[in-house]
Amino acid sequence: MSPIVTRKPPTLSTENIASSNCDILFEGVDKVFGKHPVLEDISFNLSPGEFFAILGPSGSGKSTLLNLIAGFERPTKGDIMVRGRSILDLPPYARHVGVVFQNYALFPHLNVVENLAYPLMRKRLDRGTIGKKIAEMLRMMRLEVLAQSAVSEISGGQQQRVAIARALIAEPDVLLMDEPMAALDKALRDDLQVELKILQRRLGTTVIYITHDQREAMALADRIGVLNRGRFEQIGTPRDIFNHPASTFVARFIAGSTIIPGTARNEHGHWVFDMPGGRSVAAGWNRLAKPSEGTAELAINPLNVRIAPRSDAAGIPARVTASLYAGEATVVHLLANGTIPITAKETGWTDRAVGDEVSISWATQDATLFNI
């Protein structure tokens, strides 16, 4: 299969953005290190209490974007506003932003209570207020029994809960989280995701959450921004991004879609895609594109690929090249028309053997065309 051709992502509108109604507003932000652009024309806004996940591969600029908000880096161009005020000239400690890192960044010589007390003491609160806030946070994070424990003596999941609690107890305007669960095992990560979502809803805190885990972003976020090579390819709800990707990069990165190169043409008002090997299929354009005949790419979500016996003449002939059982689904890798790698995902366990000759198909509305 030919590689995906890199194209400029669709322009994301920032019309009708009123900074006074936003917790965070990015306006045309660029960041360049030396001669290397890391972020380009970043513009988006977050509503109060919104959970916004930034999803992208390593090196896409996710952590740099977070560092710009926290004040650890300064943009080369553009402005960043929090609650209607530019924060570019404010030092990190004056930005009212909480940060939770992957490595927890707790004070190892202090116990849990002392770690929670630290940001409150810096705000010069009285002892009574500090005690009440710590007790409430310990209760919400289910850390009461660990209050006097040294952080070096508790588990990774417990340390991460302490790190989140320490960030929240200072009542930041915005909570920034940089891959906070990447080092945890799956069961612990799933449990902590539930706790975090419940707590965030209860407190109404605006969260920016950095991750490269698609499932984590889909489970937690109100909206997701898919970042690629320093630009947002798409910003939208998890459902919208999964079902209506704005580019082949988003389709492949979010859903693992197969991307097939070929040619699009219009036949009597209906679009047809000519695949390598001489097969043609009906297809529709992604809703953000202006349809045009010529070179194009077709995206097929593995969940939408149907596998049938080879006797199904209406389908595309294919051969099974691998079958991987993953618990909730079986991922089947196929070679269609003798040349096109295609992935299918079937619910549960299915008995597919390498070398099986089958027929594959998908509904017309599930075949999405993209311009090149």
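The values are calculated or read from the model by the stated rules, or taken from the named source; none is laboratory data. All figures in this text were calculated on a predicted structure; none of them were measured in a lab. A quick note on method: Cβ atoms are made from the backbone with ideal geometry, for glycine too, and the neighbour counts reach across all protein chains shown. For accessibility, only protein heavy atoms count, side chains too; no ligands or nucleic acids. Shrake-Rupley method; radii C 1.70, N 1.55, O 1.52, S 1.80 Å.
The HN-Hα couplings worked out from phi for the range 284-293 by the Karplus form 6.51 cos²θ - 1.76 cosθ + 1.60 (θ = phi - 60°) are x, 7, 4, 6, 8, 9, 9, x, 8, 6 Hz, whole numbers, x standing for Gly and Pro. Under 19 Å from a point 7 Å along the Cα-to-Cβ line of Ala147: which residues of the range 158-195 have their amide N that close? Of the residues in the range 158-195, 158-159, 161-170 have backbone N under 19 Å from the label point off Ala147.
Estimated at the nearest 10 Å², the accessible area of Glu171 is 120 Å² with a 1.4 Å probe.
Size of the dipole of the chain about the Cα centre, Lys and Arg at +1 and Asp and Glu at -1 on the beta carbon, nothing else charged, in debye to 20?
620 debye
Distance between the 7 Å Cα→Cβ label points at Tyr118 and Gln365: 5.4 nm. Roughly what % antiparallel, to the nearest 5, for the DSSP beta bridges in the chain? Restricted to the chain, the bridges split so that about 75 percent are antiparallel.
Ordered by solvent-accessible area of protein heavy atoms (1.4 Å probe), largest first, the residues Glu216, Glu357 come out as Glu357, Glu216. Here's the list of lysines a cross-link from Lys290 could span, going by alpha-carbon distance under 19 Å and ignoring same-chain residues fewer than 8 apart: Lys8. Would you indicate which of [x] 0.99; [y] 1.05; [z] 0.96 is the value of Rg/Rh (Cα atoms, Kirkwood Rh) derived from the coordinates of this structure? Derived directly from the coordinates: [y]. Summing -39500 (n - 2.57) over the DSSP H runs of n ≥ 4 in the chain and dividing by its residue number, what mean residue ellipticity at 222 nm do you reach, to the nearest 500 deg cm²/dmol? Taking each H run of at least 4 residues, the total per residue is -7000 deg cm²/dmol. Taking a point 7 Å out from the Cα of Glu267 in the direction of its Cβ, the residues of the range 300-338 whose backbone N falls within less than 15 Å of it are 314-316. In order along the range 179-192, the Karplus-derived 3J(HN,Hα) couplings, from 6.51 cos²θ - 1.76 cosθ + 1.60 at θ = phi - 60°, round to 6, x, 10, 4, 8, 9, 6, 4, 4, 5, 4, 5, 5, 5 Hz, and Gly and Pro are given as x.
Where both residues lie in the range 154-273, what percent of DSSP beta bridges are antiparallel, nearest 5?
65 percent
Exceedance of the 30 Å cut-off in Cα-Cα distance is limited, within the set Lys31/Lys133; Lys132/Lys197; Lys77/Lys133; Lys62/Lys132; Lys197/Lys345; Lys35/Lys62, to Lys31/Lys133; Lys77/Lys133; Lys62/Lys132. Annotation: amide H-H contacts under 5 Å for Thr206 (H modelled 1.01 Å from N, sequence separation of 5 or more, or interchain): Gly49, Leu175. Calculate the FRET efficiency for Thr350 and Phe72 from the Cβ-Cβ distance with a Förster distance of 45 Å, rounded to the nearest 0.05. The computed FRET efficiency comes out at 0.40. Note that the chain presents 48 Å² accessible area per residue, ligands and nucleic acids not counted, probe 1.4 Å. Were the residues from Trp285 through Thr129 laid out at 0.36 nm apart, the gain over their Cα-Cα distance would be 50.3 nm.
Solvent-accessible surface (1.4 Å probe) assigned to Tyr118 amounts to roughly 90 Å². For the range 53-64, backbone phi angles converted through the Karplus equation (6.51, -1.76, 1.60; θ = phi - 60°) give residue-by-residue couplings of 9, 10, 10, x, x, 4, x, 7, x, 4, 5, 4 Hz, Gly and Pro being listed as x.
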